[in-house]
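Take a look at the structure below.
The values are calculated or read from the model by the stated rules, or taken from the named source; none is laboratory data. In this text the structure is predicted, and so the values were computed from the model without any measurement. Quick reminder, even Gly has a Cβ in these numbers, built from the backbone with ideal geometry, and neighbours come from all protein chains shown.
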Amino acid sequence: MSDTLFSKIIRREIPADIVYEDEDVLAFRDINPQAPQHVLFIPRKPVATLNDLGEDDALLIGRLVLAATAYAKAQGFAENGYRCVINCNGDGGQSVYHLHLHLLGGRRLAWPPG
Ligand code: 5GP
């Protein structure tokens, strides 16, 4: 996988508002938030898209989701609700090719998405 903006955030080469990290996962606020709470959860492992996950990554993707839900609970908006989104490739609207889960909350979100 080629180097991305998010790899540079992992290596602390560019700044980000990091809100959570553990040995597998890093989370930071989206630079262009679409909701009062908009945090990106990324694996430290460089995986480009959902299509690149293998059987060996089952635990990793689970950790990503659990980190996001734990964050929503800790910040107090889990009960009201939130949305987790992983965009994949062009039709999915992916713009950064390092897998990331968007956690969006803090307001009522519309459905269906555009
Ligand atoms: P995607 O469109 O790939 O699903 O989402 C990429 C997200 O990364 C977008 O919501 C965009 O605002 C965010 N983003 C792009 N560049 C940066 C950056 O340099 N720092 C942070 N914190 N977020 C970024």
Flag for residue 97 being in contact (Cβ under 8 Å) with a residue 40 or more places away in the chain, farther than 22 Å from residue 1 by Cα and not hydrophobic (A, V, I, L, M, F, W, C): no
Qualifying helices (runs of 4 or more DSSP H) (wholly inside the chain; at least 2 residues being surrounded by 15 or more Cβ atoms within 10 Å (Cβ to Cβ)): 5-10, 58-75
Any hit, the range 75-84, residues being more than 15 Å from the ligand (Cβ to nearest atom), touching a helix residue (DSSP H, G or I) at 6+ places or on another chain (Cβ under 8 Å) and over 26 Å from residue 112 (Cα atoms): no
Within the range 100-114, tally of residues that are of a type in the set (A, V, I, L, M, F, W, C) and free of Cβ contacts under 8 Å to residues at least 24 places away in the same chain: 2
Filtered residue count, the range 92-114, keeping only those that are near the ligand (Cβ under 10 Å from one of its atoms) and among the charged types (D, E, K, R): 0
For residue 89: the one exception among (1) within 16 Å of the ligand (Cβ to nearest atom); (2) under 18 Å from residue 38 (Cα atoms): (2)
Out of 81, 62, 114, 105, sole residue that is at pLDDT below 95 and farther than 23 Å from residue 2 by Cβ: 114
Search result, residues across the range 18-45 that are without any contact (Cβ under 8 Å) to a residue 24 or more places away in the chain, within 7 Å of the ligand (Cβ to nearest atom) and either in contact with a strand residue (DSSP E or B) (Cβ under 7 Å, 6 or more places away or on another chain) or within 16 Å of residue 64 (Cβ to Cβ) (or both): 28, 29
Unique residue being at pLDDT 95 or above, within 16 Å of residue 26 (Cα to Cα) and within 16 Å of the ligand (Cβ to nearest atom) when the list is 72, 48: 48
